[in-house]
1. Across the stretch 52-73, what is the total count of residues that are within 15 Å of the chain's Cα centre (by Cα) and over 13 Å from G105 (Cα atoms)?
2. Is it fair to say K63 is at positive phi and open to solvent by 50 Å² or more (accessible area, probe 1.4 Å)?
3. So which of L187, L167 ends up being on the phi < 0 side of the Ramachandran plot and free of Cβ contacts under 8 Å to residues at least 12 places away in the same chain?
4. Touching a His at 6+ places or on another chain (Cβ under 7 Å) and either among the hydrophobic types (A, V, I, L, M, F, W, C) or open to solvent by 30 Å² or more (accessible area, probe 1.4 Å) (or both), is that true of V100?
5. Which condition breaks for S112 when tested against (1) loosely packed, with under 15 Cβ neighbours inside 10 Å; (2) in a helix (DSSP H, G or I); (3) not β-branched (V, I, T)?
6. Tell me which of these S212 doesn't satisfy, since it passes every other one: (1) in contact with a helix residue (DSSP H, G or I) (Cβ under 7 Å, 6 or more places away or on another chain); (2) open to solvent by 70 Å² or more (accessible area, probe 1.4 Å); (3) not basic (K, R).
7. Give the number of residues within the stretch 68-86 that are open to solvent by 40 Å² or more (accessible area, probe 1.4 Å) and touching a Ser or Thr at 6+ places or on another chain (Cβ under 9 Å).
Amino acid sequence: MPGHSTTLQVQGTLILWLGWYGFNPGSTLGLSATNYARDAARVVVTTTLSAAAGGLTVCIMEKLFGDKTWSVGAVCNGILGGLVSITSGCAVTFPWSAFVIGFLGGIIYWLSSKCVLKVCKIDDPLDAFAVHGACGFWGVFATGLFSATDYAYGSGPGLFYGGGNALGCACVFLLATIAWVGGISFLMFFSLKKMGILRVSAEMEAAGMDVSKHGGVAYSSD
């Protein structure tokens, strides 16, 4: 179902984008206090380029291969996908690398979104998995590829710069994340299912939980 307001969706996206400039550059203060201004400036550039690349990529893909429209919603989620994709490596990549990461992040977002809805038949209204899950995983993996020698102080340069430790660390981290989140989620949701409280009734689902739980209609079916 379509959301309430495209205007509010765009506003929310811009608020998040602005907030990312506090998050990504602000995080560099804890990484390299002596070169904070230099690193923060680079992070602002990489964050901007990746977000813009993601938004443009998804917009064009939706026009060419999706619903054949210039979708504002696609642009918004593409921007968020680009932001998520660059967050892991924002301080250790060159501007051109950030653009590539955002561009590929946009493709990964779009394919993941369509896969979840069309193939897995899962209703993910906010494309949360495609934006934060798929693009987040890509961002960590991309850091292991694009970490520049001049900026990679910890695990060393990325694979494209002759190093392998960064990519190895990224893969181990991703596997550990899958094991931890997947394991804990399985225990919680399986237990809820066995207790019969994982889902609401079919009637309540059809009517909408906004009606049954909040006493009002959130979406118009007209």
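The values are calculated or read from the model by the stated rules, or taken from the named source; none is laboratory data. Keep in mind it's a predicted model, so treat the numbers as computed, not measured. So basically every Cβ, Gly included, is an ideal-geometry build from the backbone, and we count neighbours across all protein chains shown. Heads up: the accessible areas ignore ligands, DNA and RNA and are worked out on the full protein's heavy atoms, side chains in. Shrake-Rupley method; radii C 1.70, N 1.55, O 1.52, S 1.80 Å.
1. 1
2. no
3. L187
4. no
5. Evaluating S112 over (1) loosely packed, with under 15 Cβ neighbours inside 10 Å; (2) in a helix (DSSP H, G or I); (3) not β-branched (V, I, T) leaves (1) as the failure.
6. (2)
7. 2
Here's the yes/no breakdown for (1) without any contact (Cβ under 8 Å) to a residue 60 or more places away in the chain; (2) farther than 21 Å from L14 by Cα:
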position	(1), (2)
T57	yes, no
W70	yes, no
V84	yes, no
C90	no, no
V119	yes, yes
